[in-house]
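Data first, discussion second: the structure below is written as C-alpha cells.
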Amino acid sequence: MRKLGLGKKCMEHQIEEEANQLAETFAHAKGQPLDPALPITNSVCNVICAVTFGHRFSLEDEQFQKLVKAVDDGLKFAGSFFHILYETFPGIMKHLPGPHEEAFSALQEVLSHARQEAEEHEEQGSFHEPRDFIDFYLLQMEKHQKKKDPSSTSDKENLAQCIHDFFIAGTETTASSLKWALLLLTSHLDIQDNVYKEIEGAFGSTHTITYQDKKKLPYTNAVIHEMQRFKYILLMGVPRECAKDTNMRGFLIPKGTLIFPDLRSVLLDPEHWDTPEEFNPNQFLDKDGNFVAREEFLPFGAGARVCLGERLACMEIFLLLTRLLRAFRFQLPEGTKELSQKPIRGLATPPQPYKICAVPRCSSS
C-alpha cells in the first residue's frame, strides 16, 4: 500500500481529477435540487479503480456503471435482516428466493470485473514495472512461484477477493462520510460559511489546495473531524479475533474470541466531549482557534490493526470537500425546512436520501 503512494503526492493528482469531475457534475444542476449520493459514490469508486486497476473510468462507461451498481447492491444487503437470516440459516436460505440472490450476483459481478482486469494486466506484462495493486500482487505471485513456496496464499482468486474487499471497504465508508458532511453543512450554514471564509482568506480563489494545506486550515480540519465523530459511518468497529487469552479489568477474553469494538461509545462519550450529541467543530479547537488532535477520536480504530485505508480516506474527504465548498454554497431546496439526520441502519450508517442545491459561488474557479 505504501508503494502505491497512498497518502502521498502521486495519489493527490488522481483525487484532484475526481474532485474536478464531481464539481463539474454538481455545476450541471445549475443550482437546482440534486441528490449528491451517486456523483459522490462515482468519484470515490473511481479513486479505488485508480489504486487497484491503474486507471479511472468515464462516468458513462457501461462496465463502470455495472461495477458501481454491484458494489452498492452488495453493501445494501450487508447487515440487513435477510443477511442476518442467511447467516443464521444458510442451509435453508440457499434453497429459497430472496435478496441474498441479488447480493451473490453483485459479488460475482465485482469478482468477474476484478478477474478481467487481472488477466489484462498479466497479458500486458506490466507487473514487472508495477503501477497499481494488481501489478504488485502479480509480481508477488511470480516470486512465490519461482521459490515454489508451499505456504503461499497468493493466487488469482485471492487477488479477485482482495479487489472486492477494496471496493466494499473503500467506497461506502468514504462516500457516506462525504454525504454526511454535505448534509451537516447544509443544515449549519454558519459553519459552512466559516469554512469558506477560512479557505478564501488563506488561499484566495486561484490556489489549488493540496493535502498539506490542511495545516493552514484549522477550522476546516476541525469540521471534518467533528463530522466523522458525530456521524460515525459504521454500526460498530470492525470485528477482531483475540490472538491469545487476555485478562482485561477482571474479565477473561479467551483466545479465538470474536470482538466487536463499540467505537461509537467513545466518540459520543459525555465524559470526554462537551457536546457529544451536537455537531460542534469547536471540540477540536483550542481558545486561539488552533486545531487540537483528540485521543478519543477513533473512527478508524487504533493500534497495529488501525484501518489501512485511513490516510487515503482522509485525503479524499479533505480534497473533495474543499473543492466543492470553494465552488458552491449548499442550501436547502425551496420548501424544505430541514434534512433528516436519521441514518440508514446496516453495517454502514449512511444518511437517508436527500436533495440539496449547489449554488455556484461568484468567485469559484
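Here are some notes:
- Among the candidates Gly201, Gly237, residue that is in contact with a Leu (Cβ under 7 Å, 6 or more places away or on another chain), of a type outside the set (A, V, I, L, M) and either within 23 Å of Ser265 (Cα to Cα) or assigned to a helix (DSSP H, G or I) (or both): Gly237
- Whenever a residue of the stretch 249-271 is touching a residue at least 24 places away in the same chain (Cβ under 8 Å) and closer than 16 Å to Val306 by Cα, its partners that are open to solvent by 40 Å² or more (accessible area, probe 1.4 Å) and outside any loop (DSSP other than H, G, I, E, B), lying with C-beta atoms within less than 9 angstrom and at least six residues away or across chains, give the pairs Phe260/Arg240; Pro261/Arg240.
- Verdict on Lys179 being among the basic types (Lys, Arg), modelled with pLDDT of 95 or more and open to solvent by 20 Å² or more (accessible area, probe 1.4 Å): yes
- Considering residues of the stretch 297-316 that are among the aliphatic types (A, V, I, L, M) and open to solvent by less than 30 Å² (accessible area, probe 1.4 Å) only, the residue farthest from Cys49 (Cα to Cα): Met315
- Any hit, the stretch 91-103, residues being surrounded by 19 or more Cβ atoms within 10 Å (Cβ to Cβ) and assigned to a helix (DSSP H, G or I): yes
- Tally of residues being farther than 19 Å from Ser187 by Cα and polar (S, T, N, Q) across the stretch 314-365: 3
- Residue check for Val47: open to solvent by less than 20 Å² (accessible area, probe 1.4 Å), under 22 Å from Ser126 (Cα atoms), outside any loop (DSSP other than H, G, I, E, B) and modelled with pLDDT under 90: no
- Which listed residue, of Glu122, Glu198, is free of Cβ contacts under 8 Å to residues at least 40 places away in the same chain, within 17 Å of Thr322 (Cα to Cα) and of a type in the set (Asp, Glu): Glu198
- Picking from residues in the stretch 182-201 that are touching a strand residue (DSSP E or B) at 6+ places or on another chain (Cβ under 9 Å) and among the hydroxyl-bearing types (Ser, Thr, Tyr), the one that is least open to solvent (accessible area, probe 1.4 Å) is Thr186.
- Residue among Ala222, Ala169 that alone is touching a residue at least 60 places away in the same chain (Cβ under 8 Å), open to solvent by less than 30 Å² (accessible area, probe 1.4 Å), among the aliphatic types (A, V, I, L, M) and assigned to a helix (DSSP H, G or I): Ala222
- Which listed residue is open to solvent by less than 60 Å² (accessible area, probe 1.4 Å), under 21 Å from the mean Cα position of the chain (by Cα), closer than 24 Å to Ala19 by Cβ and not aromatic (Phe, Trp, Tyr), from Leu319, Leu339, Leu267: Leu319
- Close contacts from the stretch 151-162, counting a first residue that is exposed (fewer than 15 other Cβ atoms within 10 Å of the Cβ) and a second that is assigned to a helix (DSSP H, G or I), with Cβ to Cβ under 6 Å and a gap of 6+ residues or different chains, come to Ser152/His144.
The values are calculated or read from the model by the stated rules, or taken from the named source; none is laboratory data. Everything numeric in this text was worked out from a predicted model, so none of it was measured. Ideal geometry is used to build each Cβ from the backbone, glycine not excepted, and the neighbour counts take in all protein chains shown. In case anyone asks, the SASA skips ligands and DNA or RNA and just uses the protein heavy atoms, side chains included. Shrake-Rupley method; radii C 1.70, N 1.55, O 1.52, S 1.80 Å.
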